[in-house]
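The values are calculated or read from the model by the stated rules, or taken from the named source; none is laboratory data. Values in this document were obtained by computation on a predicted structure and should not be read as measured data. Here Cβ is always computed from backbone atoms with ideal geometry, including for glycine, and neighbour counts include all displayed protein chains.
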Amino acid sequence: MANKKSNINEIKKGLYLVPTPIGNLTDITLRAIEVLKNSDCILCEDTRVSKNLLDKYTIKSKLISNHKFNEKKNLTNVIELLKKGQIISLISDAGTPGISDPGSLLVNECIVNNINIFPLPGPSAVTAAVSASGFSEKYFFYGFFPEKEKILKEDLDMVSKMISSIVFFISPKKINKIIPHIKKYFIDRDILICREISKFYEEYVRCKVEELQLFDKNLKGELTLVISEKKNIKKDHYILKESDKMIINKMINKLTIKEIVDLISQNNKVSKKKIYNYCLKVKNEK
């Protein structure tokens, strides 16, 4: 194609997963621009949205619509193009493709057909929000909330038991509907609500979950919610590891129970009571 550079041979053939800006159009890597310029075609969610980005960087590669309603229909044709040695890039409207956006179907089909897949690092609302949260860096990414009330309650009940931080995506139209559920399942935690990350009107709302109020204005832009890790976790929550049980079994006749409890608890989150009870159980079985 006319817009391809002379270094096209440096880019391997296959499928490229190219992250695009989540707001500010300058948040794109030089490599991402190079790959997009040298792609035979670019699969995108909305050609109108993607064209704004491509025009800014004078990218002339062919755009092909590939959203959740037609990505399955596109599979056969795209795989055939990749088998013929074409370089194809997959992008979403914003962020990393395949993460709460179309992409997983094509990735799995490429795996089945032994087609090279090259993921590029880049913009991510998830990592941007977590990095600004001040919460635990250990987090669980849930994505968008389900529509069905039954599934929503089941999932929130499950993830609310997690110790780590939790990240959700939600549209501004649904935030007020979901706030009562958040207050029910995540009481005693903190929350960060990120809106319009990297855009002109970006906003970050921080508060305790129990203080969370309904929004009285029409918000715009997708929201990213980060709920903090559980605090003041009791040691009784933790389970004695199998490796610790093996040590107890070996030492039960060589040390006193108090000595074993002190030894195991030194670098262990399990309560001394739980260790003591297990020692008693082993002792009685000997």
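Of all the residues in the range 196-236, those that are surrounded by 16 or more Cβ atoms within 10 Å (Cβ to Cβ), of a type in the set (D, E, K, R), modelled with pLDDT of 90 or more and closer than 19 Å to residue 185 by Cα number 1. Residue 278 meets each of the listed conditions (1) touching a helix residue (DSSP H, G or I) at 6+ places or on another chain (Cβ under 7 Å); (2) of a type in the set (Ser, Thr, Tyr); (3) surrounded by fewer than 18 Cβ atoms within 10 Å (Cβ to Cβ) apart from (3). At least 1 residues being free of Cβ contacts under 8 Å to residues at least 40 places away in the same chain and of a type in the set (A, V, I, L, M) is the threshold, and among the helices (runs of 4 or more DSSP H) wholly inside the range 114-210 those reaching it are 149-159, 175-185. Here the condition is being small (Gly, Ala, Ser), at pLDDT below 95 and either out of contact with any strand residue (DSSP E or B) (no Cβ under 8 Å at 6 or more places or on another chain) or under 29 Å from residue 20 (Cβ atoms) (or both); of 165, 171, it holds for 171 alone. Looking for something at pLDDT 95 or above, farther than 30 Å from residue 79 by Cβ and among the small types (Gly, Ala, Ser) - is there at least one such residue anywhere in the range 109-128? Yes, the conditions are met somewhere in the range 109-128. Which residues, counting only those in the range 96-133, are touching a Ser or Thr at 6+ places or on another chain (Cβ under 6 Å) and among the aromatic types (Phe, Trp, Tyr)? If the condition is that a residue be touching a Ser or Thr at 6+ places or on another chain (Cβ under 6 Å) and among the aromatic types (Phe, Trp, Tyr), then no residue fits. For residue 57, the test of being farther than 25 Å from residue 223 by Cβ, among the aromatic types (Phe, Trp, Tyr) and out of contact with any Phe, Trp or Tyr (no Cβ under 8 Å at 6 or more places or on another chain) is passed.
For (1) touching an Asp or Glu at 6+ places or on another chain (Cβ under 7 Å); (2) over 18 Å from residue 99 (Cα atoms), each residue gets a yes or a no:
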{"residue": "124", "(1), (2)": "no, no"}
{"residue": "132", "(1), (2)": "no, yes"}
{"residue": "141", "(1), (2)": "no, no"}
{"residue": "145", "(1), (2)": "no, no"}
{"residue": "180", "(1), (2)": "no, yes"}
{"residue": "187", "(1), (2)": "yes, yes"}
{"residue": "194", "(1), (2)": "no, no"}
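The numbered conditions (1) of a type outside the set (A, V, I, L, M); (2) surrounded by 19 or more Cβ atoms within 10 Å (Cβ to Cβ); (3) within 22 Å of the chain's Cα centre (by Cα) are all true for residue 24 except (2). The residue that is nearest to the chain's Cα centre (by Cα), counting only those in the range 27-62 that are buried (at least 21 other Cβ atoms within 10 Å of the Cβ) and among the small types (Gly, Ala, Ser), is 32.
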